[in-house]
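Novice: This is the structure I want to talk about, given as structure tokens.
We did not get these values from a lab; they are worked out from the coordinates using the rules stated. Since we're looking at a predicted model, the values are computed, not measured. Glycine also receives a Cβ, built like all others from the backbone with ideal geometry; neighbour counts cover every protein chain displayed.
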Amino acid sequence: MTARIAVLASGGGSNLQAILDHFAALGPTRAGVVVLVASNKPDALALHRAKRAGIPTHHIDANDGEGILALFRHHGIDLVVLAGYLKLVPHEVTERYRGRVINVHPGPLPQFGGPGMYGTKVHAAVLAAGVPTTGVTVHFVDERYDQGSIIAHWPVPVHPDDSAESLAARVLRVEHIVYPRVVDMLAATFATGLSTT
């Protein structure tokens with residue numbers, strides 16, 4: 001059996017695409033399958049990517065925890081993957097899916113995380129701090145922004161001539177390598193067909 005995965009995204013969905021591409025490359029050995037892509041933005045490019053891939057999509061109210069849970073129950077979701085999702089996940093969801101909601105952050109945590117720390121804001125903060133390395137951090141999601149336990153971290157060097165944009169591009173390339181592999185690894189722990197949802 002494969003784990004049934006929901007991806008939540010607010011924007012372009014490049015990490016979603018990286019996950020889909022990685023799963024396609026793995027073929028029958030993949031541990032999970034994306035069965036739902038949902039967004040708080042009805043026009044998010046991630047939804048269009050999902051539709052092109054034949055994956056059901058849904059526009060959600062980011063504050064409606066019970067509605068999100070009902071959607072997950074309908075699709076038999078085992079694992080929730082945030083891919084550029086910019087809203088705090090309601091506590092009803094993080095409680096029900098404790099240890100089964102993950103996120104990728106484009107910098108070291110907890111130093112460069114928290115409310116409002118996303119996208120180029122993270123990279124600008126890294127450059128302002130003058131640190132020699134940044135990195136990609138995959139972590140469990142709880143009731144607070146970027147505070148869940150860290151699953152994996154991969155360092156990325158900061159170059160002397162970096163701008164927030166050039167650093168963002170380099171970090172994103174690493175996200176597209178690291179995140180799909182962590183997703184598949186975690187999906188393997190839920191690939192029993194014994195979902196408790």
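Novice: Tally Lys/Arg at +1 and Asp/Glu at -1 over every other residue whose Cβ is under 15 Å from the Cβ of ARG49; what's the total?
Specialist: +1
Novice: Hey, what angle do you get for helix 14-26 against the long axis of the chain, alpha-carbon based, 0 to 90 degrees rounded to 10?
Specialist: Between the helix axis and the principal axis of the chain, the angle is about 60 degrees.
Novice: Tell me the label-point distance for the pair HIS48, ILE177, using the 7 Å Cα-to-Cβ offset, in nm and rounded to one decimal.
Specialist: 2.9
Novice: If you add up the charges near LEU69, with Lys and Arg at +1 and Asp and Glu at -1, over every other residue whose beta carbon is less than 10 angstrom from its beta carbon, what do you get?
Specialist: Summing Lys and Arg as +1 and Asp and Glu as -1 gives -2.
Novice: Please arrange ASP43, ASP21 by how many other C-beta atoms lie within 10 Å of their C-beta, fewest to most.
Specialist: ASP43, ASP21
Novice: For helix 65-75, what angle does its Cα long axis make with the longest principal axis of the chain, in degrees from 0 to 90 and rounded to 10?
Specialist: The two axes meet at around 60 degrees.
Novice: Turning to a different aspect of this structure: Test of the criteria: in region 108-171, which trypsin sites (Lys or Arg not before Pro) are in a DSSP loop and have at most 15 other Cβ atoms within 10 angstrom of their Cβ?
Specialist: ARG144
Novice: If you work out Cα extents along the principal axes in Å from the coordinates, which of [x] 49, 35, 31; [y] 58, 34, 31; [z] 55, 42, 30 do you get?
Specialist: Step by step, Cα extents along the principal axes in Å for this structure corresponds to label [x].
Novice: Evaluate the charge dipole of the chain about its Cα centre and quote only its size in Debye, nearest 20, assuming +1 on the Cβ of each Lys and Arg and -1 on the Cβ of each Asp and Glu.
Specialist: 420
Novice: While we're here: Counting only other residues whose beta carbon sits under 15 Å from that of LEU26, what net charge do I get with K and R as +1, D and E as -1?
Specialist: Combined, the nearby Lys, Arg, Asp and Glu give 0.
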